[in-house]
There are 6 protein chains.
Amino acid sequence: MAVEKLKTGIMGLDKILKGGLRRNSSILITGAPGTGKTIMALQFVYYGAKDYNENGLFISIEESLDDIRDFAENLGMNIREMEKKGKIFLFSKPITTLSGGLASIKGLLDLIKNKKIRRVALDSIIFFEYLYPKINHNIMEYRRQVLIFMQKMKKAGVTFISTSERKITDIDRLEYDMMDFVFEGFIILSRVRKGSYFERVLTVEKGGGRKSSQ
Amino acid sequence: MAVEKLKTGIMGLDKILKGGLRRNSSILITGAPGTGKTIMALQFVYYGAKDYNENGLFISIEESLDDIRDFAENLGMNIREMEKKGKIFLFSKPITTLSGGLASIKGLLDLIKNKKIRRVALDSIIFFEYLYPKINHNIMEYRRQVLIFMQKMKKAGVTFISTSERKITDIDRLEYDMMDFVFEGFIILSRVRKGSYFERVLTVEKGGGRKSSQ
Amino acid sequence: MAVEKLKTGIMGLDKILKGGLRRNSSILITGAPGTGKTIMALQFVYYGAKDYNENGLFISIEESLDDIRDFAENLGMNIREMEKKGKIFLFSKPITTLSGGLASIKGLLDLIKNKKIRRVALDSIIFFEYLYPKINHNIMEYRRQVLIFMQKMKKAGVTFISTSERKITDIDRLEYDMMDFVFEGFIILSRVRKGSYFERVLTVEKGGGRKSSQ
Amino acid sequence: MAVEKLKTGIMGLDKILKGGLRRNSSILITGAPGTGKTIMALQFVYYGAKDYNENGLFISIEESLDDIRDFAENLGMNIREMEKKGKIFLFSKPITTLSGGLASIKGLLDLIKNKKIRRVALDSIIFFEYLYPKINHNIMEYRRQVLIFMQKMKKAGVTFISTSERKITDIDRLEYDMMDFVFEGFIILSRVRKGSYFERVLTVEKGGGRKSSQ
Amino acid sequence: MAVEKLKTGIMGLDKILKGGLRRNSSILITGAPGTGKTIMALQFVYYGAKDYNENGLFISIEESLDDIRDFAENLGMNIREMEKKGKIFLFSKPITTLSGGLASIKGLLDLIKNKKIRRVALDSIIFFEYLYPKINHNIMEYRRQVLIFMQKMKKAGVTFISTSERKITDIDRLEYDMMDFVFEGFIILSRVRKGSYFERVLTVEKGGGRKSSQ
Amino acid sequence: MAVEKLKTGIMGLDKILKGGLRRNSSILITGAPGTGKTIMALQFVYYGAKDYNENGLFISIEESLDDIRDFAENLGMNIREMEKKGKIFLFSKPITTLSGGLASIKGLLDLIKNKKIRRVALDSIIFFEYLYPKINHNIMEYRRQVLIFMQKMKKAGVTFISTSERKITDIDRLEYDMMDFVFEGFIILSRVRKGSYFERVLTVEKGGGRKSSQ
């Protein structure tokens, strides 16, 4: 059985990924502040809808949907147009009410099925820390919940991307996070000083494409 | 929709920021002791009022307002004059009564609306640690409260700056803080040894300008 | 009494191991994300069944068995065929019900005996952290449970391999984990930068072959 | 309003401080064991009384007043004489009874007012850790109490110096402490190896002179 | 009173130790996985019995006695023969019942006296962590229990060796453990890279020979 | 008032200390295992009694008094003879009963007064961790108790030395301990590699001689 590759549509990335992401897999995009994690998550959903006719869902946790729409537009992605065409869906919950576990987002799965969503981007995985505020005392329960969510995404037939915050991206001091082991692929975004300016660098650490469906 | 830039009026900074800060965004100014965080926060409010006709609010947490006024004056910023003209407002609460959550500063939002405030500077974000004394045990609640405050600022139409304390600013040992991910832009102030003296250095790590309105 | 060596069948590894693993021993395969831990665990079971006529069991904790089957197939290992021949067995438990200690996997030992299993691969040792969610507060109980499991494997006459997650594999910063002391052998998988690309590196740290039967 | 500078009277220091400390400010003197923190605190009080006619108060927490007197005398500062003249006051509390918060030192403020004290030296800030023994669990309460004490000093018109213990002073490994952000100025005392001997080094990290009156 | 030296019988070691270990002392052998700690503990007991006519006791905590016997045999030490001659004794307790403090091994001391044991090797000191599972919360109780055990060994006239696990042995990053201070002597086993292979290195850090009898 | 110096009698040390220790002061001797902390503490008491006619007390916490006597004798110090002459006293408590605070050693002060003790050596400061087993949760209480003990020593007119364990002595990684700030002087014993052997090094970090009488 050959591996079906899904083109991200993000310039340069598909080449690095040797054709794209594995369809139906889960990918973590991690990086320091300002490295472009949200941009990549948006591009994944936008170009999927525009160039590959795949409906997409973008879940924003800490930013308003209008900010996301404006931000994308400034980068040349007309999300609003795609929303009108029913090809992209944006989802958010007021941060004041974010708690109580996965039950509070039950509607999401129905949306994915009814709207034939093929790509989901979660910005960011901090989402699960709001839902499970005591995770420091029960790290395994947190891991379990992320895995269950990923399994639901996989079962629903979507390819799933999530962003995550990383406090150190310097390759010489890098320490892997628990989540880096849980996702099937993961991409590190960083900046490397080249003389007097910083250059953006993208590292694909794992791209094989397995994990977490059941 | 083009991004509207807001000139800080701070010498040199607008050039580095390619025209200024994004209007209505939130910026974190972080640095070691003595790197000039309070100065920059004051300049942001002062030059906004003086050169760009934008009313400003400066919130001081651990210093008396008279100390702030004297300090600014010594740097050539006549805050008192601007206060008389009704263009700058200073706000403080006795540290002895600082607790009990955001409710204790409810008056702030009315002030912002009534006085047509366009720029708010908070010195410093330690403010939220006084309001939520148990944050070590519930880091997500602390994050949530800062975000809610930022959303209120954004809704009120202000551009919001906050200072924050940073124990290490050495670029080779730098580790990002949670707050660096929450604000839309963030600026690091530091000193770098150049032979026998130290030179002040300003690094704009993130300036895109999104996050936290709802 | 001469040591009986068991050929892993993995290209190159048997040479490094000077003939193979010690039969009936326990080996830990550890590494960063994407270093090929699951691949090695699968090869151990697959080539044992195919080339050395030893029945094998592969226990997957966080990945679905179908994902494992597809993944192996893409690497040229036809697990499904071996399953049909009754030479390889795959085992999994829904992550939602993973808790309650070793009792919940009692059926495993019967399977091993009835099916004459000689090789068992556990992917990964995180398994025990799901079973004993409070291990941070009782690290010795966690150690004890892993040892008891290893003793049962040894008593059943199997050679046992487990994968484990390692957050740092850089040889200059390496710190041994508790589990590295518990297994009889352990192998570190890592990547080392060679100019512009990364080379996979395998280090056999301990291969003598003792521990944990009783 | 021009900044009034207060000469410390300590040889060399006033030059480094460009005329002295800002009158009515708060300064932290920090360093490793044996770097001369207590000496500098004593000199500040002694030369203020002797050469600038400013009454001074020295608060000792862990050393007996007689030890302090002898120690100063060996360094050529006749504290006893100044005490007789009513220009220097020494204060101490038995360590066995040191607890119960600021209430236990209420008499201090009366002393400062009645004796027209202009300079206060606290040796050391560990004082507040005795008063608030549970600070590890409530770091913000500790910060608040130090600030309240500093505000009382400022209101009373005194210039305030405190010593603090620092476990690492090596400039390449230095990490700022919370207290470094709270005081208006802070001075690091350290030793730097110069070939075969150590040279004392004084670094003024922050000397602007604001913070904490109310 | 001259110090009586006890030859270990381990090739090369007696020379490094300038004649051997101090009789009736306690020695800690520490190292990373696979550095040969168990081998050295076995050699100590085996050569004592074989070459110096001293009865020995080997206490195994996590490995079965048969594994120990086989392992020794592969290294050329015929433990079984020595057991038959009543010169070496092996002791183990099922790990499932290992708890409840020193009372659970009361029989050991009788064995030592009755069998005229002169050398005892404990593999490893993790033993005490099983007996006192809450040591993280009461580190001094753990220290006390190890000392009491060592005092009993000393009173019984035996020379006592224990192995211990060490997560870092790199000399430049080494940090001493509490146990390194408690034993009278301690030996670090490590590997140092010499070009393309690793060389085993033995460092005797402390060999004076005092502590813990009462 | 001139500082009275007390000759330690330890070869070389008095020269480094420019005449000796300050009489009636408190000194901490700290170092890694095997650096000679106990030897220096013994020499301080022994040569004081033998060469300077000062009665001494040696307090041993984890080693038996006979071990201490033998150990000293091997180093050429005939403690037993000095004990017979009533010039040196050894004190110990069974480790099994070591708890309950300073009350449990009340007899010590009487001994010091009755026997005209001028030098006291405590081996080691771990003593206070046995007496206050919960110090991790109340570090200030531990500090207070050590200071009270030091004040009692000072009041009794003795010069007081204590040994302490230090896990890192490498000068480039050294971090000061709380106790380094509490004692009036402190001496670090370490080993520095000189080509193929280690050289013992003694560093006097603080020798001024103040603190803790009341």
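Quick look at the values:
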item	result
Lone unmet requirement of (1) at pLDDT below 95; (2) touching a Gly at 6+ places or on another chain (Cβ under 9 Å); (3) within 30 Å of residue B:139 (Cβ to Cβ) for residue A:121	(1)
In the stretch A:150-194, the residues that are assigned to a strand (DSSP E or B), hydrophobic (A, V, I, L, M, F, W, C) and either closer than 21 Å to residue A:6 by Cβ or in contact with a Cys (Cβ under 6 Å, 6 or more places away or on another chain) (or both)	A:160, A:161, A:186, A:187, A:188, A:189
Enumeration of residues in the stretch C:157-175 that are more than 14 Å from chain A (Cβ to nearest Cβ) and crowded, with 20+ Cβ neighbours inside 10 Å	C:158, C:159, C:160, C:161, C:162
Count of residues meeting criterion [part of a loop (DSSP other than H, G, I, E, B), out of contact with any Leu (no Cβ under 8 Å at 6 or more places or on another chain) and within 12 Å of residue B:54 (Cβ to Cβ)] in the stretch B:110-133	1
Count - residues of the stretch D:77-110 that are at pLDDT 95 or above, hydrophobic (A, V, I, L, M, F, W, C) and over 17 Å from residue D:38 (Cα atoms)	1
Enumeration of residues in the stretch D:80-94 that are within 12 Å of chain F (Cβ to nearest Cβ) and either within 18 Å of the chain's Cα centre (by Cα) or surrounded by 20 or more Cβ atoms within 10 Å (Cβ to Cβ) (or both)	D:92, D:93
Which listed residue is in contact (Cβ under 8 Å) with a residue 12 or more places away in the chain, more than 24 Å from residue D:177 (Cα to Cα) and among the β-branched types (Val, Ile, Thr), from D:27, D:10	D:10
Test: residue in the stretch D:95-102 that is within 11 Å of chain F (Cβ to nearest Cβ), assigned to a helix (DSSP H, G or I) and either open to solvent by less than 20 Å² (accessible area, probe 1.4 Å) or touching a strand residue (DSSP E or B) at 6+ places or on another chain (Cβ under 7 Å) (or both)	yes
Filter pass, residue A:144 being open to solvent by less than 40 Å² (accessible area, probe 1.4 Å), modelled with pLDDT of 95 or more and of a type in the set (Lys, Arg)	no
Filtered residues of the stretch C:113-156 (kept if more than 21 Å from residue E:124 (Cα to Cα), touching a residue at least 12 places away in the same chain (Cβ under 8 Å) and within 14 Å of chain A (Cβ to nearest Cβ))	C:123, C:124, C:125, C:126, C:127, C:128, C:129, C:130, C:131, C:132, C:133
Identity of the residue in the stretch A:45-65, farther than 22 Å from residue A:105 by Cα and not small (Gly, Ala, Ser), that ends up farthest from the other protein chains (Cβ to nearest Cβ)	A:53
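The values are calculated or read from the model by the stated rules, or taken from the named source; none is laboratory data. This is a predicted model, so every value here is computed, not measured. Virtual Cβ from ideal backbone geometry, glycine too; neighbours counted across all protein chains shown. Surface areas here come from the heavy atoms of the whole protein model, side chains and all, with no ligands, DNA or RNA. Shrake-Rupley method; radii C 1.70, N 1.55, O 1.52, S 1.80 Å.
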